[in-house]
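The values are calculated or read from the model by the stated rules, or taken from the named source; none is laboratory data. These numbers come from a predicted model, not from an experiment. Every residue, glycine as well, gets a Cβ built from its backbone with ideal geometry; the counts of neighbours run over all protein chains shown. Keep in mind that these areas ignore ligands, DNA and RNA; they rest on the heavy atoms of the full protein, side chains included. Shrake-Rupley method; radii C 1.70, N 1.55, O 1.52, S 1.80 Å.
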Amino acid sequence: MKLVILGAPGAGKGTIAKLLSAVDGSVQISTGDILRGAIESGSEWGRQAQAYMSRGELAPDALIMEVMEARLQQPDCENGFLLDGFPRTIPQAQALHQLFDKLGITLDLALNIEVPRDVVLERLTTRRTCENPECQAIYNIKSKPPAREGVCDKCGSAVVQRDDETEAAINRRLQTYTEKTAPLIGFYRQRGLLLTTPSTSSEEVVAAVTGRLGSAH
Ligand code: AP5
């Protein structure tokens, strides 16, 4: 399947992308994970993105497009991809669809996960993530804790809180989402590609997507 996944910070984009990836092997591509990996490796563009991320602001569109243009042409995208946290602005969406036209790619769906603000705030403060860049499993100390406290069930690495999980950064991320990313809902509705679901149950979101796409996927 070829999907764009939209939703506020903490809506569950990463959780749903991992579940959908298990359905048919489509690759999860998270721009947030890519940026965190670049910071970890000390690369120049990771250094450029770090200041924006720690403030809860978006990295520049040109930087993101350079990374994603190369990423979407990797062979593992041929059988499907789940774009988690990208596009995030109207200019990114326009550039992405120009790239799709150039590469002959047809997007199946834009999934919009709708979650009330109080639920999102609760989820972000209780989320924990595996620090191994190859794993990045997502946990929640209330709803989905690892079997052994602080240790990833999948790879045994430490499970930690992300750097942008301060109250100030979370508030800024939510404001940035409302101003810059929420307009994408209209962008995809106009193109007849939008599927909006509440994220009360991740399994129900997955069922809504597979139901809409049909057995071909
Ligand atoms: P990014 O990493 O994309 O963060 P985000 O959008 O803020 O989203 P999150 O990863 O915080 O949440 P999520 O929706 O994936 O939720 P999750 O599944 O973890 O981006 C970080 C930063 O990078 C940005 O602020 C920006 O600076 C930069 N950036 C990234 N992409 C960019 C772009 N395209 N352009 C410019 N800048 C960019 O779930 C959250 C918690 O809830 C977890 O604990 C989970 O276990 C729990 N949970 C999930 N679903 C459920 C459920 N159904 N019931 C109960 N708990 C649940």
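Only protein atoms count toward the accessible area here, which uses a 1.4 Å probe; on segment 65-117, the carbon and sulfur part of that area reaches 44 percent. Take the alpha carbon gyration tensor of the chain, find the square roots of its eigenvalues, order them as a ≥ b ≥ c, and report rounded if a/c is under 1.5; if not, report prolate when a/b exceeds b/c, else oblate. Rounded, since a/c falls under 1.5. Note on segment 164-217 and segment 40-104: Cα centroid distance 17 Å, given to the nearest whole angstrom.
Mind running the shape call on segment 156-203? Use the C-alpha gyration tensor, a ≥ b ≥ c as the square roots of the eigenvalues: rounded below 1.5 for a/c, prolate if a/b tops b/c, oblate otherwise. The shape class here is oblate.
Accessible surface for D24 stands near 60 Å², nearest 10, in the context of the full protein assembly shown (1.4 Å probe).
List the relative contact order of the chain as a percent without decimals, with contacts defined as Cα pairs under 8 Å and 6+ residues apart.
In percent, rounded to a whole number, it is 31.
In this rough spin-label picture, where each label sits 7 Å from Cα along the Cβ direction, the E134-A208 distance is 3.5 nm.
Note on V120: accessible area approximately 0 square angstrom, rounded to 10, probe 1.4 Å, nucleic acids and ligands left out.
Kindly write out, for segment 114-129 in residue order, the coupling ³J(HN,Hα) from the Karplus curve 6.51 cos²θ - 1.76 cosθ + 1.60 (θ = phi - 60°), rounded to whole Hz, with x marking Gly and Pro. Once θ is set to phi - 60°, the couplings for segment 114-129 become 9, 9, x, 4, 5, 5, 4, 4, 4, 5, 5, 6, 9, 6, 9, 10 Hz.
Evaluated with a Cβ-only charge set (Lys, Arg +1; Asp, Glu -1), the chain carries a dipole of roughly 360 debye about its Cα centre, given to the nearest 20. For segment 162-217, what % of the accessible area comes from carbon and sulfur atoms, probe 1.4 Å? That share works out to 51 percent.
Seen through its C-alpha gyration tensor, with square-root eigenvalues sorted a ≥ b ≥ c, segment 1-126 comes out oblate because a/c lies at 1.5 or above while a/b is not bigger than b/c.
At 1.4 Å probe size, with every protein chain present, just tell me what the per residue accessible area of the chain comes to in Å².
Values: 10840 Å² over 217 residues.
Per residue, the chain has 50 Å² of solvent-accessible surface.
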